[in-house]
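Inspection log for the structure reproduced underneath, given as structure tokens.
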Amino acid sequence: MALEYVLSEKNKYMLIYHGFLHVKEREHDNKTYWKCSEYKKIHCKGRLHVVDDKITKFIEHNNHVPNAAKIEAKKVISILKKNASQTTLSTHSVLGNAVMQVTSAVSAEMSSINTLKRTIQRVRQKEEAAPANPSNFEFIIPDQYRYNSNGELFLKFDSGPTESRILIFTTQQNLDFMSECDNWFCDGTFSVAPPIFAQLYTIHGVCYSNVIPSVYVLLPDKKEKTYRHMFEILKSLKNNMLGATSHPKKKFTEIEQLK
């Protein structure tokens, strides 16, 4: 019979056997030693030895009885964490689905509602944590960072893993908007750019006196040829962006000119 495991609050595997929970004590050669999860609290001497997913030795739990409700509560929390990481349901929905049919005995073994909500939020924060800043231009951008929250492609251009790498982030709607603007305001910001890039360059479209940030570009340097190349790329992303319609009529290269 296959061994049954459940995750602890700290995402460590716990082994379920004869209605008792066991935590990993140590490993030696091909043998894993497990001890009762209550060993610190009540000094239980229950032990398991496992070799190749088979129990080779079981030492009885000497001072307490099995707690089925506690084990079921652990299973519910595992399901809750899985749904938090793999679905886009609201915190309320994830919690509701997990505890919908929980008995009062199981509920008594679980944390408070507010604590469970924080658990869901922590799982999602960990899942959504951004990767560390790259140390060279050969980094790979994971798919989840190529799209915005609406599922639209946001990384519109990536020149590839060279020292002249350019990344352009925008949406098709933003490009359509910019192609209709008479004026653009452009600004390079240096303090927020990842270390290997020289600047984050932003392009704002102006419509009825409203200045709307529309394109975000990570540039490797501040050379004129790089700026020219960037605008050529934008032109290729949207027909007539800089073509026959003469949009934009003006490009201001420092946003301070708005003041």
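Key figures
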quantity: Principal-axis tilt of helix 68-86 within the chain, Cα atoms, nearest 10 degrees; calculated: 10 degrees
quantity: Global geometry of the stretch 1-104, whether rounded, prolate or oblate, following the gyration tensor of its Cα atoms and the 1.5 cut on a/c; calculated: prolate
quantity: Relative contact order, percent, the chain [alpha-carbon distance under 8 Å, six or more residues apart]; calculated: 10 percent
quantity: Theoretical ellipticity at 222 nm over the chain - DSSP helices of four or more residues, -39500 (n - 2.57) apiece, nearest 500; calculated: -8500 deg cm²/dmol
quantity: Whole-number percent relative contact order across the stretch 1-62, with pairs defined as alpha carbons under 8 Å at least 6 apart; calculated: 21 percent
quantity: Disulfide-incompatible cysteines by the Cβ rule (no partner under 4.7 Å) in the chain; calculated: Cys181, Cys186, Cys207
quantity: Amide H contacts of Ile166 (H built 1.01 Å from N, under 5 Å, at least 5 apart or other chain); calculated: Ser159, Gly160
quantity: Nearest-ten-degree value, helix 113-128 long axis tilted from longest Cα axis of the chain; calculated: 50 degrees
quantity: Prolate/oblate/rounded call for the chain, Cα gyration tensor, a/c under 1.5 rounded; calculated: prolate
quantity: Estimated inter-spin distance, Thr103 and Asp29, nm [label 7 Å along Cα→Cβ]; calculated: 4.2 nm
quantity: Under the Karplus curve 6.51 cos²θ - 1.76 cosθ + 1.60, θ = phi - 60°, whole-Hz ³J(HN,Hα) for the stretch 177-184, x wherever Gly or Pro sits; calculated: 4, 5, 5, 9, 7, 7, 10, 10
quantity: Low-density loop cleavage sites - trypsin sites (Lys or Arg not before Pro) in the stretch 85-178, where at most 16 other Cβ are within 10 Å (DSSP); calculated: Arg146
quantity: Under 14 Å, Cα to Cα: Lys pairs in the stretch 34-146, sequence gap 8 or more or different chains; calculated: 8
quantity: Cα-Cα separations in the stretch 109-149 greater than 14 Å, expressed as whole percent; calculated: 65 percent
quantity: Pairwise label distance in nanometres, Val65 with Glu224, each label 7 Å out on the Cα-Cβ vector; calculated: 8.8 nm
quantity: Crossing angle, helix 224-237 versus the chain [Cα axis fit, 0-90 degrees, rounded to tens]; calculated: 80 degrees
quantity: Point-to-point label distance, Ser164-Cys207, nm (Cα→Cβ direction, 7 Å offset); calculated: 3.4 nm
quantity: Extended-chain gain in nm, criterion 0.36 nm per residue less alpha-carbon gap, Thr87 and Gln121; calculated: 11.0 nm
quantity: Under 25 Å from the Cα of Lys235 - lysines, other chains or at least 8 residues apart; calculated: Lys156, Lys222, Lys223, Lys225, Lys249, Lys250, Lys251
quantity: Within the chain, longest stretch clear of exposed GluC sites (Glu not before Pro) (DSSP loop, no more than 16 other Cβ within 10 Å); calculated: 61-137
quantity: All aspartates and glutamates inside 12 Å of Lys238 as judged from Cα atoms, apart from same-chain residues fewer than 8 positions distant; calculated: Asp176, Glu180
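Here, each number is a calculation from the coordinates, and none is a lab measurement. Remember, it's a predicted structure, so these values are computed and weren't measured experimentally. Counting neighbours? That spans all protein chains shown, and the Cβs are built from the backbone with ideal geometry, glycine included.
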